[in-house]
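Colleague: Dropping the structure in here first, questions after.
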Amino acid sequence: ATAAPAAALLLPPLVDGDGTDGGPGSRDDHAATSGPAPAGGATPGPSDVGTAAVEPTDDVTDSPSPRASGLPADYELHTDAEGFTIGRPLGWTREAVASRHGMDVVNYRSADGLHRLQVYEVAESSPEESFDLFLSDSTPKADGFEKVALERVEEAGVLGLRLEYRADSLRGEPEVGGWHVQDVRFRAPGDGKVYAIAAYGPPTDGIDPERHLALTALAHFCPPDTTCRQG
């Protein structure tokens, strides 16, 4: 599970500058309501970052890398046009939008459009600072935003924080009766920068495909211009 703008994590796309959904868009697509970017130039998360302002980039050179050990059978090790490598589901399409900070905000989507995996560079100096800003009253949130949990996560030697939340709707996304999001922000060992990987999907009872999606992507993430051992 996406693109767009206004809280302070990962800067959202330089489109209409006010969308957020918990993803980037803010660097965080998280803030799901429109609003001005916070002071200091940082933007909130991308979760609400919709796709309306996104330019599909199907012509980019996507390089499926050799399969890494530990990847589920329906996943591939994908080298993105932005330079990073990640584990993503097979057959998902790519969209990207410019960010105010670092690389483009990249979204991968399932064929049915109901699941999204979002990757972007965070503006704040640490995962803690990024989530403090996103969860603060000064950062707009998606309609019906409800924090479920904020926990430390360690995956393949990478340390970070994982925010789980729900929202009634996300800007630019279809109305599916609510959204469930797993947003992981972490410092990459390779280049020391802070990134976010967020997974979006409709709510399900007793199943958490977004957590699996986000943590699988994280376990196989390698930042741009970095050589990582996969598998």
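Colleague: Return the total of residues in the stretch 163-174 being in contact with a strand residue (DSSP E or B) (Cβ under 8 Å, 6 or more places away or on another chain), open to solvent by less than 60 Å² (accessible area, probe 1.4 Å) and farther than 20 Å from Ser125 by Cβ.
Modeller: So the answer is 6.
Colleague: Consider the stretch 127-158. How many of its residues are among the acidic types (Asp, Glu) and not in a strand (DSSP E or B)?
Modeller: Residues that pass the stated criteria total 5.
Colleague: Being farther than 24 Å from Tyr75 by Cβ and either surrounded by fewer than 16 Cβ atoms within 10 Å (Cβ to Cβ) or under 15 Å from the mean Cα position of the chain (by Cα) (or both) narrows it down to one of Gly160, Gly201, Gly177, so name that one.
Modeller: Gly177
Colleague: State whether the residues of the stretch 66-82 include one that is open to solvent by 20 Å² or more (accessible area, probe 1.4 Å), at pLDDT below 50 and part of a loop (DSSP other than H, G, I, E, B).
Modeller: Yes; the residues of the stretch 66-82 include at least one that is open to solvent by 20 Å² or more (accessible area, probe 1.4 Å), at pLDDT below 50 and part of a loop (DSSP other than H, G, I, E, B).
Colleague: If you take the residues in the stretch 144-157 that are at pLDDT below 95 and of a type in the set (D, E, K, R), which one is most open to solvent (accessible area, probe 1.4 Å)?
Modeller: Per the criteria, the residue is Glu154.
Colleague: Those residues that are touching a Gly at 6+ places or on another chain (Cβ under 7 Å) and surrounded by fewer than 19 Cβ atoms within 10 Å (Cβ to Cβ), I need them from the stretch 95-143; list them, please.
Modeller: Hits for the stretch 95-143 are Ala111, Leu114.
Colleague: I'd like to check something: does the stretch 208-224 contain any residue that is closer than 16 Å to Tyr108 by Cα, assigned to a strand (DSSP E or B) and open to solvent by less than 10 Å² (accessible area, probe 1.4 Å)?
Modeller: Looking through the stretch 208-224, none of the residues is closer than 16 Å to Tyr108 by Cα, assigned to a strand (DSSP E or B) and open to solvent by less than 10 Å² (accessible area, probe 1.4 Å).
The values are calculated or read from the model by the stated rules, or taken from the named source; none is laboratory data. Owing to the predicted nature of the structure, the values given are computational and were not obtained by experimental measurement. Cβ coordinates were reconstructed from backbone atoms using ideal geometry, including for glycine residues, and neighbour counts include every protein chain displayed. The protein model used for the area step is the full one, side chains on, heavy atoms only, and it has no ligands, DNA or RNA in it. Shrake-Rupley method; radii C 1.70, N 1.55, O 1.52, S 1.80 Å.
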